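Q: What follows is a structure written as structure tokens; I'll ask about it next.
Where a number appears in this text, it was derived from the coordinates with a stated rule and is not lab data. Everything numeric in this text was worked out from a predicted model, so none of it was measured. So basically every Cβ, Gly included, is an ideal-geometry build from the backbone, and we count neighbours across all protein chains shown.
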Amino acid sequence: METDMKAVLISSRSYRSRSRNWFETLWFRATFAMMVGLTLVTAIASESSLEYLAGQLFLLLSVYFSLYILSDKPLINPIQVVVMVFYWWFGIGPVVTSAFYLLVGAPDKVALAQEAGRESLWIVSLGLPLYAIAARKTLHLLNVKKAFARFLMPREYLFRPSTLLIYALAGLSAKLVILVLTILGIRGITFINFLGGTQTNIWWVGVLNSIGDVFTFATVGIIFSLVAPSRMSPLWLKGIGILIILLTLVSAFTSGWKSAFVIIFFYIICARVSLTQRFPWRLGLAVLLGFLFVVEPFVNFVRIQAQIAGAESPADRKEIFRQALTEGTLTAKRDWKEIQVASLFRGIYPLAGELVRSNTLLNGYWRGKTIAWGLQILVPRALFPEKPVANIGNFFARTVGVDIGISTPENYDYNVGVSIPFEFVGNFGLLAGVLSFPLIGLFWALLCGWLLSASRISSHPFSPLLCFVAITMESAFGSFLAVLRGYIIPLIVMSFIWILRKGKL
């Protein structure tokens, strides 16, 4: 085992040495230069406020410095993704959206896209470097201590195909047992709305459902093998990877989950970047256009039809989506001027801006309510039967969402995300929002660095999964922790598999 681990670490160091200069590559710096130019052009063309322009330029400088701090690791890893996703929400979002509105001739929307969240830019700009410093120091400490989850570390660069098959069978077996129980009338998990919200009523069924998530780890590992050079994984495993992708897309279109479409390609792109140290621009553009022109308008249209039809369960929703597919709604022609560019950015920017405007340096109007609520929902219902429903996103919609006019106090179906730092702003004030960034950096680097190891955090086959989990920081603090809690049982199962296979992963 020790000899094999040395081989992995040597391979990792070699990989890192040839790719550590991604920060200095032409494509990376050209991308930054393009964003500077686009920011200036859109701001000048729309006569935006000086505060907005200064905030965007300061944010660009902050992101550049933060990525420089994290450039000691190859692209791409879950630590770097946090910096990138905050710039996606707060920098690329308002700039690209306002540029689109300029093109379609909607000046009123341009001003709103730029100014609605300008106050939030300073919180993010101050916080990201603190996050990067805390994360880098934490990873360095883990590397010095050689602390990592050995039960997740493959002996070679990739997992053995047999290991991935065992993971997949473990997850699918649990899912099959739940299906059989449902047929027998044992429903330990109930749906609370037609969009798929669930509540666990029988604890051991909840455990089985969590074991089923081992299949997610298998999926990510197989996709990593799929995009790897042919000499590194067998053809039949790549075939399984292609089959998983196709089945996922079918499921996404027949169930109306936009995220399922995005997630599977996100895994592919992350794996590809990890292996090549280059962004697959053609694939990324194809996914972007497919989402904007096909997936997003199709799903939104049919969801409205489902609500009008009174769909009350996921089964009802799936039937309506299947019917829409047979009617050709998916392939209907769309006018490019009607695409919802803003949907790419989750609406976080204006919500964050309103939270900054509505709270003071040291006080937040929620006074810790959503943080306490989030901690309560982490307790299993078997131990806390009266725990509140995990609909914090709806609470955001009925408070700050009402303030900016995107929801009403009576709307209990709409959920929004404000991101964890701005949830802290709403609870404890602006300073807490800034200070939450280094705390997130410490916690997130500690978790990812241990699970993937500091030396392989960018090249571990499970890195794309944690890269996606990083994006869920858009949700409430408690909801994000609930996502992490959901991986505890799968990790326990995989540790047993590691023991049974005597460490040969």
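Q: Holding the Cα-Cα limit at 18 Å, pick out from LYS73/LYS504; LYS73/LYS146; LYS73/LYS137 the pairs that are longer than that.
A: The answer is LYS73/LYS504.
Q: While we're here: Listed highest first by mean packing, meaning other Cβ atoms within 10 Å per residue, what order do 258-269, 379-390 come in?
A: In descending order of packing, they fall as 258-269, 379-390.
Q: Please work out the Cα convex hull volume for the stretch 133-186 and give it in Å³ per residue.
A: Roughly 139 Å³ of hull volume per residue.
Q: If you don't mind, there's one more thing I want to ask. Simple spin-label model, 7 Å along Cα-to-Cβ: VAL144 to THR276 in nm?
A: In this crude label model, VAL144 to THR276 measures out at 3.8 nm.
Q: Which of the helices in the chain meet the span-like rule: DSSP H, Cα axial reach of 24 Å or more, Kyte-Doolittle mean at least 0.0?
A: Counting only whole DSSP H runs, the qualifying helices are 26-45, 50-69, 120-145, 161-183, 235-255, 258-276, 430-452.
Q: If we count every other residue with Cβ under 12 angstrom of MET494's Cβ, Lys/Arg +1 and Asp/Glu -1, where does the sum land?
A: Counting the neighbours of MET494, the net charge comes to +1.
Q: Also, quick follow-up: So for the chain, taking the charge dipole from beta-carbon charges (+1 Lys/Arg, -1 Asp/Glu), which of LEU59, VAL299, MET153 sits furthest toward the positive end?
A: MET153
Q: Next question, about the same structure. What would the Debye equation give as log₁₀ I(q)/I(0) for the stretch 350-505 at q = 0.21 Å⁻¹, counting only Cα atoms as equal point scatterers?
A: -1.34
Q: May I pose another question? I'd like the FRET efficiency for ALA372 and LEU439, computed as 1/(1 + (r/R0)^6) with the beta carbon distance as r and R0 of 22 Å, rounded to 0.05.
A: For ALA372 and LEU439, the calculated efficiency is 0.80.
Q: So if each residue of separation counts as 0.36 nm, and I subtract the Cα-Cα distance between ALA106 and VAL402, what length gain in nm does that give?
A: 104.2 nm
Q: What order, most packed first, do the peptides 89-97, 203-211, 394-402 have when packing is the mean number of other Cβ atoms within 10 Å of each residue?
A: Listed from highest to lowest mean packing, they are 89-97, 394-402, 203-211.
Q: Additional query: Place a +1 charge on the Cβ of each Lys and Arg in the chain and a -1 charge on the Cβ of each Asp and Glu, then give the dipole magnitude about the Cα centre in debye, rounded to the nearest 20.
A: 2140
Q: Further question on the same structure: Report the calculated FRET efficiency for ARG29 and TRP336 (r = Cβ-Cβ distance, R0 = 35 Å), to the nearest 0.05.
A: It comes to 0.70.
Q: Which of the residue pairs LYS175/LYS258; LYS145/LYS502; LYS145/LYS175 have a Cα-Cα distance greater than 31 Å in the structure shown?
A: Those over the limit are LYS145/LYS175.
Q: Projecting each Cα onto the charge dipole of the stretch 17-500 (Lys/Arg +1, Asp/Glu -1 at the beta carbon, about the Cα centre), which of GLY221, MET84, LEU176 comes out farthest on the positive side?
A: Result: GLY221, furthest along the dipole toward the positive end.
Q: When the Kirkwood hydrodynamic radius is evaluated over all pairs of different C-alpha atoms of the chain, what value in angstrom, to one decimal, is obtained?
A: 24.1
Q: While we're on this one: For the pair SER343/LEU172, report the inter-label distance in nm, with labels modelled 7 Å from Cα in the Cβ direction.
A: If labels sit at SER343 and LEU172, their model points lie 3.2 nm apart.
Q: Tell me, in nm to one decimal, what length is gained between THR326 and LEU447 on full extension, where the rule is 0.36 nm per residue of separation less the Cα-Cα distance?
A: My answer for the length gained is 39.1 nm.
Q: Starting from the Cα of LEU361, step 7 Å toward the Cβ, then list every residue of the stretch 117-135 with an amide N under 19 Å from that point.
A: In the stretch 117-135, the label zone of LEU361 (backbone N under 19 Å from the point 7 Å along Cα→Cβ) covers 119-127.
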